[in-house]
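Take a look at the structure set out below.
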Amino acid sequence: MKAPKTIHSKKQPSDRREYPRQGVLSKIEDVAHGALRKALSSSTGRLAIAIMAAGKGTRLKSKHPKVLHSIAGKTLLEHVIAAATMVAPAEDIYVIIGHEAERVRAQVEHTGVRFVLQSEQRGTGHAVMAASEALAGYDNALILSGDVPLIQPETITCLRDFHLQQHPAMTILTAVLADPGGYGRVVRKSRTSNEVAAIVEQKSLQSKQEKIRETNTGIYAFQVKPLLENLHKLTTENAHQEYYLTDIASLLVRAKKKVVALPALNVEETLGVNTRAELAQLDSVLRMRKNQELMQSGVTLLQPLTCVIDSSVQIEPDTIIDPYVQVFGNTRIGSDCHIRSYSVIRDCEIGNNVEVRPGCILSESSIASGAVLGPYAHVRPGSEIGEGAHIGNFVETKKMRMGKGSKANHLTYLGDAQIGENVNIGAGTITCNYDGVHKHTTVIEDGAFIGSDSTLVAPVRVGRGAYVGASSCITKDVPSEALAIARGEQVNKEGWVQKKRREARAAKGK
């Protein structure tokens with residue numbers, strides 16, 4: 001049977017307390033989770049975590065591996081690994097990869113986890129078979145799904161601790177759903193027991209069992225020895241001809257091994273991804289979770305439903321985020337900043353008291369405290385904007401450094417430039433950094449004044465306190481305190497217009 005990891009099309013509340021629960025399950029949950037407060041034995045043995053991440057994601061209608069689809073700035077798999085590494089060391093976490101294995105490995109190898117190859121994808125049971133050699137040296141193992149990105153470390157810890165306390169062969173993390181239609185049910189041995197008698201598919205339910213709302217999430221804990229002893233007993237006698245890990249439960253029960261269930265306190269955490277709509281839904285959940293976290297820490301989000309902020313972003317208290325702002329990647333924003341509408345920021349370090357006016361695009365750059373950007377500035381990778389500096393409307397920067405108090409307020413391109421302190425860059429200035437083959441650097445020293453519509457052809461240096469006259473094309477270094485003018489001399493031709501008109505009338509009369 002298929003583990004019910006997908007999202008219902010019917011509306012589900014996000015808090016477990018909103019789900020109607022059977023009285024017996026309410027009691028079971030309270031007893032089970034309350035028991036975790038008791039001290040556990042210090043002798044728990046070695047624990048591994050296996051994350052199933054070999055699937056193709058066919059139902060996503062995508063050529064990319066399922067677990068490499070992203071929500072809230074991270075791949076599905078990276079979210080699961082982040083939660084798992086809060087519970088176990090990375091060297092005890094095994095990611096089971098298969099479809100486009102090397103792409104998946106490359107995406108998450110920075111986390112330090114280990115990898116197991118499932119060369120054929122023949123079901124969840126087959127995935128664990130592929131990992132059996134890696135797991136053999138452990139006493140207990142947790143099995144997670146790489147497409148369940150909302151899972152939290154606290155829930156994984158609860159599952160681990162309950163499993164270690166109860167000493168079963170298998171522990172099933174379950175979900176108590178308001179409407180479990182279409183899902184198999186977890187049938188307990190008695191109304192007040194933690195022990196599981198069977199997992200029954202929807203089509204095989206008896207009339208009394210149809211009232212059960214407890215379902216299997218596809219997340220488990222096992223004692224490794226009985227798990228490995230029974231893996232070879234799995235068969236492919238099902239519609240999809242796959243090995244299902246859920247069938248281990250019935251094998252263990254028949255062998256008189258203890259199988260128990262632990263209801264998840266937050267059902268939302270157990271939701272998986274099978275469609276683009278579900279991907280969008282979980283992205284919204286994680287982003288709203290992040291927005292709530294930011295607001296609780298002292299950040300103002302004027303319209304949080306419109307703000308798209310990655311889970312890895314850090315923002316200090318008393319910063320204001322206007323509607324329709326997007327902040328991605330490893331961006332860090334200081335305190336007392338104001339990020340105005342329609343700005344997009346990715347992988348930037350922003351100091352305190354920075355104002356980002358509407359419509360700015362910032363990428364892989366650092367903005368020092370007190371700077372003012374925009375509106376409609378484009379700060380490209382490698383830009384360093386100094387303290388109190390101004391980058392104004394329709395100014396583009398790339399791989400440049402602007403010193404403290406310097407200003408480029410209008411219609412300017414500054415690429416491959418080193419700009420000192422208290423420099424004024426006039427409107428329409430361009431640093432010509434590319435000769436068709438190589439990039440070259442423009443240096444503008446402290447206190448220089450660059451007149452409007454100037455063209456600085458790199459490599460070139462403008463000295464400290466120097467002036468460049470408007471509309472100049474500077475191809476040679478300008479000494480400190482000098483004035484450079486490089487433009488054609490103005491010539492006024494008196495009476496030229498009248499002469500031109502007479503010539504035009506004469507030509508017309510011919």
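In table form, for the structure just shown:
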{"read-out": "Residue among LEU60, LEU68 that is of a type in the set (A, V, I, L, M, F, W, C), in contact with a helix residue (DSSP H, G or I) (Cβ under 7 Å, 6 or more places away or on another chain) and open to solvent by 20 Å² or more (accessible area, probe 1.4 Å)", "value": "LEU68"}
{"read-out": "Segment 250-268, subset more than 18 Å from LEU234 (Cα to Cα) and open to solvent by less than 10 Å² (accessible area, probe 1.4 Å), residue nearest to the chain's Cα centre (by Cα)", "value": "VAL267"}
{"read-out": "Any hit, segment 305-319, residues being out of contact with any Ser or Thr (no Cβ under 8 Å at 6 or more places or on another chain), in contact (Cβ under 8 Å) with a residue 60 or more places away in the chain and within 30 Å of MET129 (Cβ to Cβ)", "value": "no"}
{"read-out": "Candidates GLU489, GLU494, GLU481, GLU503, filtered to the one that is on the phi > 0 side of the Ramachandran plot, more than 42 Å from the chain's Cα centre (by Cα) and among the charged types (D, E, K, R)", "value": "GLU481"}
{"read-out": "Conditions (1) out of contact with any Phe, Trp or Tyr (no Cβ under 9 Å at 6 or more places or on another chain); (2) at pLDDT 95 or above: number failed by GLN241", "value": "(2)"}
{"read-out": "Answer residue from segment 90-119, given it is of a type in the set (Val, Ile, Thr) and in a strand (DSSP E or B) and is nearest to PRO153 (Cα to Cα) among those", "value": "ILE93"}
{"read-out": "Complete set of residues in segment 174-186 that are open to solvent by 20 Å² or more (accessible area, probe 1.4 Å) and touching a helix residue (DSSP H, G or I) at 6+ places or on another chain (Cβ under 9 Å)", "value": "ALA178, GLY181, GLY182, TYR183"}
{"read-out": "Number of the condition not met by SER14 [criteria: (1) part of a helix (DSSP H, G or I); (2) at pLDDT below 95]", "value": "(1)"}
{"read-out": "Within segment 88-119, tally of residues that are among the hydrophobic types (A, V, I, L, M, F, W, C), surrounded by fewer than 22 Cβ atoms within 10 Å (Cβ to Cβ) and more than 17 Å from PRO65 (Cβ to Cβ)", "value": "2"}
{"read-out": "The listed residue being at pLDDT 90 or above and touching a strand residue (DSSP E or B) at 6+ places or on another chain (Cβ under 6 Å), out of VAL87, VAL67", "value": "VAL67"}
{"read-out": "Residue match in segment 214-235 (condition: farther than 30 Å from GLY137 by Cα and open to solvent by 40 Å² or more (accessible area, probe 1.4 Å))", "value": "no"}
{"read-out": "Single condition HIS8 does not satisfy, out of (1) open to solvent by less than 10 Å² (accessible area, probe 1.4 Å); (2) modelled with pLDDT under 50", "value": "(1)"}
{"read-out": "Complete set of residues in segment 406-428 that are under 21 Å from CYS360 (Cβ atoms), touching an Asp or Glu at 6+ places or on another chain (Cβ under 7 Å) and among the polar types (S, T, N, Q)", "value": "SER406"}
{"read-out": "Residues that are farther than 13 Å from MET52 by Cβ, part of a loop (DSSP other than H, G, I, E, B), in contact with a helix residue (DSSP H, G or I) (Cβ under 9 Å, 6 or more places away or on another chain) and open to solvent by 10 Å² or more (accessible area, probe 1.4 Å), drawn from segment 120-173", "value": "GLU120, ALA136, GLY137, TYR138, ASP139, GLN152"}
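Okay, residues lined up against (1) open to solvent by 10 Å² or more (accessible area, probe 1.4 Å); (2) among the hydrophobic types (A, V, I, L, M, F, W, C):
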residue: GLY436; (1), (2): yes, no
residue: PHE449; (1), (2): yes, yes
residue: ASP453; (1), (2): yes, no
residue: ALA466; (1), (2): no, yes
residue: SER471; (1), (2): yes, no
residue: SER480; (1), (2): yes, no
residue: ALA484; (1), (2): yes, yes
residue: GLN490; (1), (2): yes, no
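Residue by residue, here is whether (1) within 16 Å of LYS398 (Cα to Cα); (2) among the small types (Gly, Ala, Ser); (3) part of a helix (DSSP H, G or I); (4) in contact (Cβ under 8 Å) with a residue 60 or more places away in the chain holds:
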position	(1), (2), (3), (4)
LEU456	yes, no, no, no
GLY465	no, yes, no, no
ALA470	no, yes, no, no
SER480	no, yes, no, no
ASN492	no, no, no, no
ARG505	no, no, yes, no
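The values are calculated or read from the model by the stated rules, or taken from the named source; none is laboratory data. Remember, it's a predicted structure, so these values are computed and weren't measured experimentally. Note that each Cβ is placed from the backbone with ideal geometry, even for glycine, and that neighbours are counted across all protein chains shown. Heavy atoms of the whole protein, side chains included, go into the accessibility calculation; ligands, DNA and RNA do not. Shrake-Rupley method; radii C 1.70, N 1.55, O 1.52, S 1.80 Å.
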